[in-house]
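The values are calculated or read from the model by the stated rules, or taken from the named source; none is laboratory data. Nothing here was measured: the structure is a model prediction, and the numbers come from that model. Quick reminder, even Gly has a Cβ in these numbers, built from the backbone with ideal geometry, and neighbours come from all protein chains shown. Ligands, DNA and RNA are excluded from the accessible area calculation, which covers all protein heavy atoms including side chains. Shrake-Rupley method; radii C 1.70, N 1.55, O 1.52, S 1.80 Å.
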Amino acid sequence: MIGALKPRRTTHPNHRGRGSVVDLPSLHRLSPSRWRVPAVLLTSILACYFVATLANPLVADEVSDALAAQVKHDWKACLPLAQAAVKVRPWNERAWDALIQSQLHTGDGQGAADTFAEAFRRFPSSLRLRLAGRDALRMTGGAAAGEALIAEVDALVKQAPWRYTDAENRVLLGGYYLEVGADARQVLEVFYDQAKRSAPDAPEPHIAAGQLALQKGDFALAATSFQEALKRDAERPDAMLGLARAFLDSDQAKATEYLEQLLSKFPGFVPGLLLLAERQIDGELFDEATKTLDQALDVNPDEPRAWALLSVISTLLGDEQRAAFHRRVALGWWPENPEVDHLIGQKLSRHYRFAEGAELQRNVLKLRPNHADAKLQLAQDLLRLGQEEEGWRLANESLDADGYSVLAHNLVQLREQLGKFTTLEDEHFIVRMDAQEAAVYGKQVMELLTAARSALCEKYSHELRTPVIVEIFPRQADFAIRTFGLPGGEGFLGVCFGNVITANSPSSQGDTPANWASVLWHEFCHVVTLQKTSNRMPRWLSEGISVYEERQRRAGWGQTMTPQYRRMILGGELTPVSQLSDAFLRPESGLHLQFAYYESSLVVEYLAERHGLDALKRTLDELGQGMPINDSLARTAGSIEALDREFAAYAKQRAEALAPEADWAELPEDADAAARRAWLSEHPQSLAALQQRAAELLRAKQWDEAEPKLRQLVEWLPDETAAGSPRAMLAELHRARGDADRERQAWRDLLEVDDQNYRACQRLMELAAAAEDWPEAVWAGQRLAEINPLQVNLQRQLGLAAASSGDSALAARAWSALIALGPADPADAHYRLALALESQGDVVAAKRHALMALEEAPRYRDAQRLLLSLVAAQQPPEPSKLLPPLESLAPEP
């Protein structure tokens, strides 16, 4: 069981000092009650106190205004205020810090370095100024000198700890010691918690604690910390930003809400603009992201993260030359800046460009071997590429270096779980499953993947480069850790990274599991298209082809036009093709996310119908060569604008083709009986009224009146599969009448369009078995096993049906699965498996299971007789029967 699945935990309960050991100043050395200050020094301190009082920002408008602008990150406003403040209050170090930060954040690195040099002469022991000076020197080619400044901090603190006991300095020291590899829990306790106690109304300690929690992957704790900061100062943009980041992975709507609130109050807040740009890039809204980054660069033309994100956009658009230029600008005066390549690589990996992302993280680690975030990102990239040995090694190293990283801890714990899995493999696939589940349906998984490889690789002219890794998890939390690094992602059934597939098994999905066969077919289609394009394809196209290919494989897989989708298309909710990937990033609801999958598949269907499969394959080839998707589609459709327009017309046509004879007007909800009758008389073909009337007649058990209405609904909505669909209602009507034959046909018709309907499979199998229609019972049982093969009764009924139909191979598989699941009557299961094996001619295995049946039930007569016959079959013939008669050997006369 994974111990760090609860995202509230920032630390391990069993942590024993993992990570770098840094000698922090102890609590008693930083406690005012332990100060021992000589009288002369005390006089100097008092003199400084009066000077500081005169320059107190609370009584000096010049300084307080500058600091207020600094807190809000309004650097353009802060710059002139800070310049005035240092003139009138040159002995206020915070005024100097405000000026340095303003210059740095408006692109004047040299000015910031010059200001620092002047300020440092006045305040050589100031931690705040040393940190600001380090940043200024980095931006002017003096990174080594900046690092030398910081290298002296630890000695300064230990020489005069009393200088740094206020809340402000404790927060700064906490950040410094984290940077040099201190234990996170010690930093939290010694610095941040102490700062909270000494300054209970200050937001800074809570912001610092929240940022630490974000870094460690403890998003719930981070959200709590930022909320505490906002209680103390509701106008802190850094706290609002932290809150938005804390909800990015768990609640997109809430993250969007916080980000919009932030940018409405602080439109020039560069970190907020950068986060907005990141999300726009994730949604492949590259034009919008570029405009957002231009806003950030208008504030600070030297902002390295903005240039790094521009490099990401250029890479994703296939402009490698421009991407390299943007990266060079991002590195600028500080070529060793590790955050540039780390951010670029991280964002490329977000777009499934794991190989390029991994290479960039390696660049970071060459410069900073102990860069924890880069090492952990590289570990994830390699695991997603299938390079498992190095990936797991790096995950272990990450945990050893940082025992409080929730992500590293979860990955290492997951590896222990994977070590317990059974591995099935051939030349094309490596499948890892829970041992019991592998015994139940592992062979079917391999057969399904083999069929998918045969069909889809040939169709899309692709050959697998290496064996594809498939991992099927019986616990959703383990699937989430392997896939996303953290718990969550409950709506995902499977994910493909290009050469690695992760999937939830039926046992992880509660009472209504999805069809695992259709999930694996969908994900393997991703393998083909992602490999063919070198992972250079937009999400909508990748998902669209996979859903489309589900429908091509079997009518009951994939998605089809529904009344809800019809309303959305005709109601103006169709997303333009050029913006379709964004529909996956920020859906309004679960329905809108499912609609994004369906619409994407409809685009692919349109392209295949209008321009042919070869045109679609050519698009994939062009993407693999680095051509932007819009350019490639324009070569097929004329222009992306034309494609948007033509597809919208196609989708509208498809929507209008659903029940064109029906009146789709909605029955008024608040209508009284008279108004309802009047409305119905005006809408005799109303679909809503017909659905409502059919349901009423069923409840009233008026079967004869209900049947024609249900048949009309089936004619209008032949592919409807939602709960209470017309076909399901018609089947239930026949059941109520006791008409088993017509009920069977209704369930069979429903399963032709809905392979996911567990109830329909189950009932059809029962009816077919009762009628001794064994081929149909087998058919229904196999469909049922594609939804949830882990049912004891299913495997027993399938074994009986297969044996009765003469399919001994399928019977043997079913009885073997039943034994793996633990049947109520193991003797009977072993006996029936022995019979199936005997029919296949495998006498040795049959004998073994006959013996196992007798081991469970020694007096089992049928098993005894079977064993005797098997033993007899194995007896060699008598010698006399082996030799010809002696007379036949006599020589002829």
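Against the test of being within 24 Å of the chain's Cα centre (by Cα), open to solvent by 10 Å² or more (accessible area, probe 1.4 Å) and farther than 23 Å from Pro587 by Cβ, the options Gln252, Gln215 yield a single qualifying residue, Gln215.
Considering region 557-594, the residues that are under 15 Å from Ser542 (Cβ atoms) and not in a helix (DSSP H, G or I) include one that is most open to solvent (accessible area, probe 1.4 Å), namely Gly558.
Filtering region 788-809 to residues that are without any contact (Cβ under 8 Å) to a residue 40 or more places away in the chain, assigned to a helix (DSSP H, G or I) and crowded, with 20+ Cβ neighbours inside 10 Å leaves Leu794, Arg796, Gln797, Leu798, Gly799, Ala801, Ala802, Ala803. Out of the strands (runs of 3 or more DSSP E) lying entirely within region 377-476, which hold 3 or more residues that are under 24 Å from Glu490 (Cα atoms) and touching a residue at least 60 places away in the same chain (Cβ under 8 Å)? Of the strands (runs of 3 or more DSSP E) lying wholly inside region 377-476, none has at least 3 residues that are under 24 Å from Glu490 (Cα atoms) and touching a residue at least 60 places away in the same chain (Cβ under 8 Å). Residues in region 150-207 that are part of a helix (DSSP H, G or I) and out of contact with any helix residue (DSSP H, G or I) (no Cβ under 9 Å at 6 or more places or on another chain) were compared, and the one that is surrounded by the most Cβ atoms within 10 Å (Cβ to Cβ) is Arg185.
Table: residues versus (1) open to solvent by 40 Å² or more (accessible area, probe 1.4 Å); (2) outside any helix (DSSP H, G or I); (3) within 22 Å of Glu523 (Cα to Cα); (4) touching a residue at least 24 places away in the same chain (Cβ under 8 Å).
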{"position": "Ala596", "(1), (2), (3), (4)": "no, no, yes, yes"}
{"position": "Ala608", "(1), (2), (3), (4)": "no, no, yes, yes"}
{"position": "Ala615", "(1), (2), (3), (4)": "no, no, no, no"}
{"position": "Leu623", "(1), (2), (3), (4)": "no, no, yes, yes"}
{"position": "Ser632", "(1), (2), (3), (4)": "no, no, no, no"}
{"position": "Tyr650", "(1), (2), (3), (4)": "no, no, no, yes"}
{"position": "Gln653", "(1), (2), (3), (4)": "yes, no, no, no"}
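The set of residues from region 308-363 being of a type in the set (Ser, Thr, Tyr), within 17 Å of Ile629 (Cα to Cα) and assigned to a helix (DSSP H, G or I) comprises Ser314, Thr315.
Within region 478-498, restricting attention to residues that are open to solvent by less than 20 Å² (accessible area, probe 1.4 Å) and farther than 23 Å from Asn535 by Cα, the residue that is modelled with the lowest pLDDT is Gly488. A residue that is part of a loop (DSSP other than H, G, I, E, B), open to solvent by 10 Å² or more (accessible area, probe 1.4 Å), of a type outside the set (Ser, Thr, Tyr) and over 15 Å from Ala452 (Cβ atoms) cannot be found anywhere in region 499-508. Comparison of Ala850, Ala785, Ala845 shows that the only residue that is in a helix (DSSP H, G or I), free of Cβ contacts under 8 Å to residues at least 60 places away in the same chain and buried (at least 19 other Cβ atoms within 10 Å of the Cβ) is Ala850.
Tell me which of these Arg384 doesn't satisfy, since it passes every other one: (1) open to solvent by 20 Å² or more (accessible area, probe 1.4 Å); (2) touching a helix residue (DSSP H, G or I) at 6+ places or on another chain (Cβ under 6 Å); (3) over 28 Å from Gln579 (Cβ atoms); (4) of a type outside the set (A, V, I, L, M, F, W, C). Failed condition: (3).
Figure legend. Inter-residue proximity from region 508-527: first residues under 19 Å from Ala722 (Cβ atoms), second residues of a type in the set (Lys, Arg) and open to solvent by 10 Å² or more (accessible area, probe 1.4 Å), beta-carbon distance below 9 Å, spacing 6+ or different chains. Indicated pairs: Asn515/Arg783; Ser518/Arg553; Ser518/Arg554. Within region 509-520, the set of residues being modelled with pLDDT under 95 and either part of a helix (DSSP H, G or I) or of a type in the set (Asp, Glu) (or both) comprises just one member, Asp511.
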